Structure formats: C-alpha cells, structure tokens
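Before any comments, here is the structure.
The numbers here are math on the coordinates, done by the rules we state, and not lab data. Here the structure is a predicted model, which means the values were calculated and not measured. When we count neighbours, we look across all protein chains shown, and the Cβ atoms used for this are built from the backbone with ideal geometry, even at glycine.
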Amino acid sequence: MSRRMEARKFPAKGLGEKVFELLDELSEREPELGDHRSLGPMMSAPLPVSLKAHMVFLRRNLNDLHWFRVSADLLHETVAMLGDLLGNPEARGISTYGGSESNLTALYALREAGYENVVVPRSAHASVFKACRVLRMCIFIADVDEELRVVPESVRAVAREVEGGSVILLTAGNTETGVIDDVRAVHDLVPDAPIFVDAAFGGLIAPFITGLRKLPDFDFRIDGVVALSLDGHKAGLTPIPSGMLLFGREDLYDNVVFESEYMGSEKQLSLLWTRTAASVASLWASIKYLGREGFEKTYSECIRVADYAYERLLSEGFNPTRPELPLMCIRHDELPGIELLWRLRKMGWYVYSCPSLGGIKITIMPHITKEVIDAFIDDLVRVARDIKASSVNS
C-alpha cells in the first residue's frame, strides 16, 4: 500500500509526539496569510495580541453566556465599540465565524420578520446567493456600473416590480473592485425598504480613511440600515474565524435568540450552537490594541501603497480599477486575465481573479509594502511580455 493510501486509513496506533514534526512539515508546504506574496485574499497576518487572545479564549464556549461570563462581556463590549464606530451605540449584535454566516443569519432574521424577497446588486458576494438559496428567499438582481457599484435607480426599478416585502442587500467593499455601494442614495429612492449592509471588508477600513478618501455613507447613520456585518479576520487583523453581525432593530436581533433551557442561560444566540469565544476575543483585542489612531495609521498606509500600485500599473500599460478601498482589479486590454492569473500563481504569487471584469484582483493589506508591489508588477510585466511573445510566435 502506498504512503498516500496508508495516510487515509484510520491509524491502528498513534504517532505520538511525531505528529508535532509532521505538522511543521505539512505547514511549510503551503503559503500563509500575511506572506508577502499573498496578494489576493482580503486578509493579512493576525496581530500578535489578537493571536494570543484567540489562543487564550479558544477553550471558552461563547454559546453558554451564563457560565462563560467574561466571554459574554467581551462580546457585549465588542458590539458596543463597533456600534459606536458605525453610528449606533445601542446596536445589538452577535459573533459569527465570518461574512458567510453573517449574511445567512441576517437574511434569516429578516425572513422571519416577513421579508421574503431580496434585492441585491450583481456584484454581491457569492455567499449572499447561497444564503438566499438555503433560506428559499427570492432574489432579484439590480444593475451595477463599470466599477461594479450598484446603480440606485436600478434598485428602485427592481423593488417596484417585486410583490410583497423586500429587503435590499448592499455591499461596503465588494470582492472584485472593493467599491462601496451608495447606500444613502438607495435609501433616498427606496425609503420604505430595510437595508442590510455586507461590510465584511470595508467595515473596519472605511471609517479610518476618510481623510484620504471621499466615501459613500454606508452605516447606521442612514435610517434605512437595519443590520450590518463586518469581519475581524479581514481588516480587524485577527485569526480566522472572526465575524460580527450588528442589528439596529430589536426585533431582528430577537429573531436570532433561541431557547436553550438546559445550559442554564436559557438563551442561545445565532444559528450555530457550540462555538469558541476566541472569535470575539481576538477582535476585542485588536480594537483595544490599535484604537482609532492605530487603525487610521494602518489603513492610511495601505491606501498610499494602493495608490502607488495604481499609478505604476497605469504607467506599465495596464488598466486597473481605481482603489476606493485598498483593493483593485487589474486588466489588460490585450491579455486574458485568467492566463495572467495562472502564470503569476506558477511564479508563487497568491492572487485571485475578478471574473466580472476579466482581470486579476489584488488586495493591499498591511503586509504589502511598496517593495512588494514593485516585485509583483515587475513579474506581471514579464508575464505579459511572455504571453504576447508566445502569441506572436504561434
């Protein structure tokens, strides 16, 4: 039997301490988030203090808020701090394992409140469409512009055609171009529809770069926003998993509170059951460690590096989207994005595609410096030259 086949069988005898060595060996075979060649994911290396918080609270069960009262306090404090940042100090909230769970949970809460239809821009995250499928909610697609930002007039037109109650789901920092949907403009056109904002990426960046960017409003300062999500393991610089879902309406929050008499607390939050308090403790630690000043310094630098990358790419003949947040889609008028993607990956660059625009996506997180950008663009130019040469020769 081959070694690979043997590895798939449940072992008759444990390896004991040798597993530590095996783990080190396996870990070295793949990239890490925060590696300087990791340009695609909207994530970076976790802060050391956040990593410690994760490890310290890993064995605490956030599902039992009666017994694990310190973990419960961390949850309530984190929700309050985020509510304060995002325009509603009275917001209620829960910890999730990330944007996908947040989207599913928020839509569940809205469905239970009587909203069976969801109007979303075509640029919404794939998990939104998955959540609607799971919940059997009817989804209606609104148009987007060339930057993949929702067209408010399209939302109004679609909402008018939908029978029954509708919720509008918008994005603050979409996956392919990073732009923020104009939530206020949508609310002004469709004032009666509740709005849920998926701010998994932009929620912990946009508030801190207003000195460098004029950004659309997206948070609870807009009356129509009833729920908002963000991810700690993206801009919060925490380990995976770490997400938060905030509610501006008490009835929506109540829809994700369930009976749980046997645990003693009698109440259980979220669609999941047992879950580690590490998720919220790590985000609490990041917020306390960085504060507003630290977040502003961190993401202002990311914006500066993104602007530098944008100008260099233009000078090399590429057509990048302008980085509203530190994320952009890179296109070339003569070269297919998918070929650029795979050639760059073979060179060790961890990049993603932006299929809607036929390009490749890079995210400038705190581990990405101008020197990394220079090395990446040098390789990108080399790849483009090789593709053109092979096309001529063929």
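For a quick check: with amide H placed at 1.01 Å from N, whose amide H comes under 5 Å from Ala277's, ignoring anything fewer than 5 positions away on the same chain?
Placed amide hydrogens put Arg60, Asn61, Leu62 under 5 Å from Ala277.
Given H placed 1.01 Å from N in the peptide plane, which residues other than close sequence neighbours of Val167 have an amide H under 5 Å from its amide H?
Asn117, Val118, Val119
In a Gaussian network model over the chain where Cα atoms closer than 10 Å are linked, find which of Pro366, Pro11, Pro216 has the largest mean-square fluctuation.
Greatest mean-square fluctuation among the candidates belongs to Pro11.
How far apart, in nm, are the 7 Å Cα→Cβ label points at Glu116 and His36?
5.7
For the residue pair Glu293 and Glu161, what label-to-label distance in nm results when each label sits 7 Å from Cα along the Cα-to-beta-carbon direction?
5.3
Using amide H atoms built 1.01 Å from N in the peptide plane, name the residues 5+ places from Val144, or on other chains, whose amide H lies under 5 Å from its own.
Distant-sequence amide H within range of Val144: Arg122, Val151.
Give me the extension gain from Glu147 to Ala80: residue separation times 0.36 nm, minus the current Cα-Cα distance, reported in nm with one decimal. Kindly include the intermediate steps, with their values, before the conclusion.
Working: separation 67, 0.36 × 67 = 24.12 nm, distance 3.32 nm.
Gain on stretching Glu147 to Ala80: 20.8 nm.
In the chain, which whole DSSP H runs stretch at least 18 Å along their own axis (Cα) and average 0.0 or higher on the Kyte-Doolittle scale? Display every interim value, and only then the final one.
On the way: long enough: 69-85 (24 Å, 0.53); 99-112 (19 Å, -0.29); 278-315 (44 Å, -0.09); 370-393 (34 Å, 0.12).
In the chain, the long hydrophobic H runs are 69-85, 370-393.
Quick one: putting +1 on the C-beta of Lys and Arg, -1 on the C-beta of Asp and Glu, what dipole do you get for segment 274-394 around its Cα centre, in Debye to the nearest 20? Don't jump to the answer; show the numbers that get you there.
Details: 16 positive and 15 negative charges, 86 e Å.
Around 420 debye, computed over segment 274-394.
So how do Glu339, Glu77 line up by other beta-carbon neighbours within 10 Å, fewest first? Spell out each step's value before the answer.
Working: Glu339 17, Glu77 14.
Ascending number of Cβ neighbours within 10 Å: Glu77, Glu339.
Which cysteines does the chain leave without a neighbouring Cys Cβ under 4.7 Å?
Taking the Cβ cut-off of 4.7 Å, the unpaired cysteines of the chain are Cys132, Cys138, Cys302.
Identify the trypsin sites (Lys or Arg not before Pro) of segment 1-105 meeting these criteria: DSSP loop state and at most 11 other C-beta atoms within 10 Å of the C-beta. Numbers along the way, then the final one.
On the way: sites: Arg3, Arg4, Arg8, Lys9, Lys13, Lys18, Arg29, Arg37, Lys52, Arg59, Arg60, Arg69, Arg92; in loops: Arg8, Lys9, Lys13, Arg29, Arg37, Arg59, Arg60.
Counting only loop positions with at most 11 other Cβ atoms within 10 Å, the trypsin sites (Lys or Arg not before Pro) in segment 1-105 are Arg8, Lys9, Lys13, Arg29, Arg59.
Taking the Cα centre of segment 329-394 as origin, sum charge times position over the Cβ atoms of Lys and Arg (+1) and Asp and Glu (-1), and report the length of that vector in debye to the nearest 20.
Details: 9 positive and 8 negative charges, 30 e Å.
It comes to approximately 140 debye.
Specify whether the C-alpha gyration tensor of segment 292-393 places it in the rounded, prolate or oblate class, a ≥ b ≥ c being the square roots of the eigenvalues: rounded for a/c under 1.5, otherwise prolate if a/b is larger than b/c and oblate if not. Numbers along the way, then the final one.
Numbers: a/c = 2.20, a/b = 2.04, b/c = 1.08.
It comes out prolate by the Cα gyration axes.
Can you sort Lys234, Lys297 by how many other beta carbons sit within 10 Å, fewest first? Let's see the in-between values first.
Details: Lys234 27, Lys297 13.
By the 10 Å Cβ count, ascending: Lys297, Lys234.
Can you put Arg111, Arg345 in order of Cβ neighbours within 10 angstrom, beginning with the fewest?
Values: Arg111 20, Arg345 15.
Starting with the residue having the fewest Cβ neighbours, the order is Arg345, Arg111.
Which value, in debye to the nearest 20, gives the size of the charge dipole of the chain about its Cα centre, when Lys and Arg are +1 and Asp and Glu are -1 at the Cβ? Intermediate values should be presented prior to the final figure.
Numbers: 44 positive and 55 negative charges, 256 e Å.
In debye, rounded to 20, the chain gives about 1240.
Can you compute the modelled spin-label distance between Arg304 and Leu58, with each label point 7 Å from Cα toward Cβ, in nm?
Those two pseudo-labels are separated by 3.6 nm.
If you restrict to DSSP beta bridges whose two residues both lie in segment 155-259, what percentage is antiparallel, to the nearest 5?
Values: 6 of 14 bridges.
Beta bridges within segment 155-259, antiparallel portion: roughly 45 percent.
Taking a 19 Å limit on the Cα-Cα distance, which of the listed pairs Lys234/Lys297; Lys297/Lys361; Lys346/Lys370 fall beyond it?
On the way: Lys234/Lys297 16 Å; Lys297/Lys361 24 Å; Lys346/Lys370 22 Å.
From Lys234/Lys297; Lys297/Lys361; Lys346/Lys370, over 19 Å: Lys297/Lys361; Lys346/Lys370.
Relative contact order (percent) for segment 292-393, with alpha-carbon contacts under 8 angstrom and 6 or more residues of separation? Let's see the in-between values first.
On the way: 121 pairs, mean separation 28.9, N = 102.
Here the relative contact order equals 28 percent.
Determine the calculated [θ] at 222 nm for the chain from helices alone, applying -39500 (n - 2.57) to every DSSP H run no shorter than 4 residues and normalising by the residue count; nearest 500 deg cm²/dmol.
The helix contribution divided over the chain gives -13000 deg cm²/dmol.
Give the residue list of GluC sites (Glu not before Pro) in segment 112-184 that are DSSP loop and have at most 15 other beta-carbon atoms within 10 angstrom. Write down the numbers at each step before the final one.
Working: sites: Glu112, Glu116, Glu146, Glu147, Glu153, Glu161, Glu163, Glu176; in loops: Glu116, Glu146, Glu147, Glu163, Glu176.
Sites meeting the loop and neighbour criteria: Glu146, Glu163.
Using a cut-off of under 14 Å, list every residue of segment 370-388 whose amide N is near the label point 7 Å from the Cα of Trp342 along the Cα-to-beta-carbon line.
Label zone hits: 387.
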